[in-house]
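Single-structure report; data block below.
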Amino acid sequence: MDLLREFAINQWNPSLDLSINQQLLEALEGGAVIVLPQLAFNLLPEEQRFLSENWSDKNSKNISLRPNGGLRGAIGTDDDLASMRAMIQRYANQSEQLISKLFPSYTPNLTVANTSFRPFEVEARVSSYRKDDTRLHADAFPSNPTQGTRLLRVFNNANPSGQARVWRVGEPFGQMAAKFLPKTKALMPMQAWLMKQLHITKRTRTEYDHRMLQLHDLVKGDIDYQKNAPQQWVNFMPGTTWIVYSDQVLHAAMSGQYMMEQTFSLPVSGLKRPETAPLKVLEAMLGRALI
Ligand code: SIN
Ligand code: FE
């Protein structure tokens, strides 16, 4: 098993042959990690200072930029924060350019979501195994139901001192789901309605979200699976960009510091092969619609 697909792309705005676009799309939707080892995110000399934990407000793991311009999780003077925002915004812009060049068929349906700068060294969250991203998982968030919409993420290791970001990448989504889906339960409609009314969820949790959350928790909670399931270790070296559907690719962040990340969302109807979407995989296994 090797779910990594490397491409020699070294610009954020590359001109690609159609055959490369096809290979990229096939690999991405097929559940691979697209690895671009020659695509660095260049910091300006005056931005190097942001590679420090001291800019974090320490309340959140990440410093994040909302599409509406709101910067969260950072502290500093107004000038510092404006410069940091500009750096993160540049990563957002370059990521958007990159996706539009690599996956042009997505452009009409793609929504730009949050950008994050992750200044802390990866650590296991012992407080809760559900929040522990050193355990393999496919992304699913309790307060943020996607209702089946895909989570596409562009990561970059911006470490200045040669330190890799180390991930484990697990088996294909369908193989994990075949093992764990039978252990999940259906959703009570009242429960979903109530969580929306109480603002526990930002939008209504669908049965899809409910099953995905249970898969997320069951997989993270299964020590034997974490240790023995098919998986590969990956070192993303500084200057590497990688792209994944994080709702599909099983991943765990083992170590590393200073990473950039841009999230996009895409409806299942925007995929070339909708049957590869977790929504369609789970629906096929259960034999009915989940949204
Ligand atoms: C995750 O998405 O689970 C964490 C990725 C990372 O921090 O490298
Ligand atoms: Fe994750």
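The values are calculated or read from the model by the stated rules, or taken from the named source; none is laboratory data. Since the structure is predicted, the reported quantities are computational estimates derived from the model, not experimental observations. Please note: Cβ atoms are built from the backbone with ideal geometry, for glycine as well, and neighbour counts cover all protein chains shown. The area values use the complete protein model at the heavy-atom level, side chains included, leaving out ligands, DNA and RNA. Shrake-Rupley method; radii C 1.70, N 1.55, O 1.52, S 1.80 Å.
Which pairs turn up if I take residues in segment 189-203 that are touching a residue at least 40 places away in the same chain (Cβ under 8 Å) and look for partners that are loosely packed, with under 12 Cβ neighbours inside 10 Å with beta carbon separation below 7 Å, at least 6 apart in sequence or on another chain?
As it stands, the answer is Ile200/Ser143; Thr201/Ser143; Lys202/Ser143, since those pairs meet every condition given.
If you go through segment 110-129 one residue at a time, how many are in a loop (DSSP other than H, G, I, E, B) and within 19 Å of Tyr245 (Cα to Cα)?
Result for segment 110-129: 1.
Could you grab the pairs with beta carbons closer than 7 Å, sequence gap of 6+ or different chains, first residue in segment 220-236 and within 19 Å of Arg130 (Cα to Cα), second one open to solvent by 40 Å² or more (accessible area, probe 1.4 Å)?
As it stands, the answer is Lys220/Tyr129; Lys220/Arg130; Lys220/Arg135; Gly221/Tyr129; Gln226/Arg135, since those pairs meet every condition given.
Among the numbered conditions (1) in contact with a Gly (Cβ under 8 Å, 6 or more places away or on another chain); (2) at pLDDT below 95; (3) not charged (D, E, K, R), tell me where Gln38 comes up short.
Among (1) in contact with a Gly (Cβ under 8 Å, 6 or more places away or on another chain); (2) at pLDDT below 95; (3) not charged (D, E, K, R), Gln38 violates only (2).
Restricting attention to segment 67-81, does a residue exist that is among the aliphatic types (A, V, I, L, M), assigned to a loop (DSSP other than H, G, I, E, B) and open to solvent by 80 Å² or more (accessible area, probe 1.4 Å)?
yes
For segment 206-232, name all the residues that are within 13 Å of ligand 1 (Cβ to nearest atom) and either of a type outside the set (Val, Ile, Thr) or part of a strand (DSSP E or B) (or both). Break it down into steps so the answer makes sense when it comes.
Filtering segment 206-232 down to residues within 13 Å of ligand 1 (Cβ to nearest atom) leaves 216, 219-220.
The answer is His216, Lys220.
Going through segment 126-148 one residue at a time, which ones are away from ligand 2 (no atom under 12 Å from the Cβ), closer than 26 Å to Val112 by Cα and open to solvent by less than 40 Å² (accessible area, probe 1.4 Å)?
As a first pass, look at segment 126-148 and keep what is away from ligand 2 (no atom under 12 Å from the Cβ): 126-129, 142-148.
Checking the rest, the ones that are also closer than 26 Å to Val112 by Cα come to 142-148.
Answer for segment 126-148, where residues must be away from ligand 2 (no atom under 12 Å from the Cβ), closer than 26 Å to Val112 by Cα and open to solvent by less than 40 Å² (accessible area, probe 1.4 Å): Pro145, Thr146, Gly148.
Working carefully through the options Ala192, Ala252, find the one that is at pLDDT below 95, open to solvent by less than 30 Å² (accessible area, probe 1.4 Å) and not in a loop (DSSP other than H, G, I, E, B). Show your work before the answer.
Working: Ala252 fails: at pLDDT below 95.
Step by step, each of Ala192, Ala252 is checked, and only Ala192 is at pLDDT below 95, open to solvent by less than 30 Å² (accessible area, probe 1.4 Å) and not in a loop (DSSP other than H, G, I, E, B).
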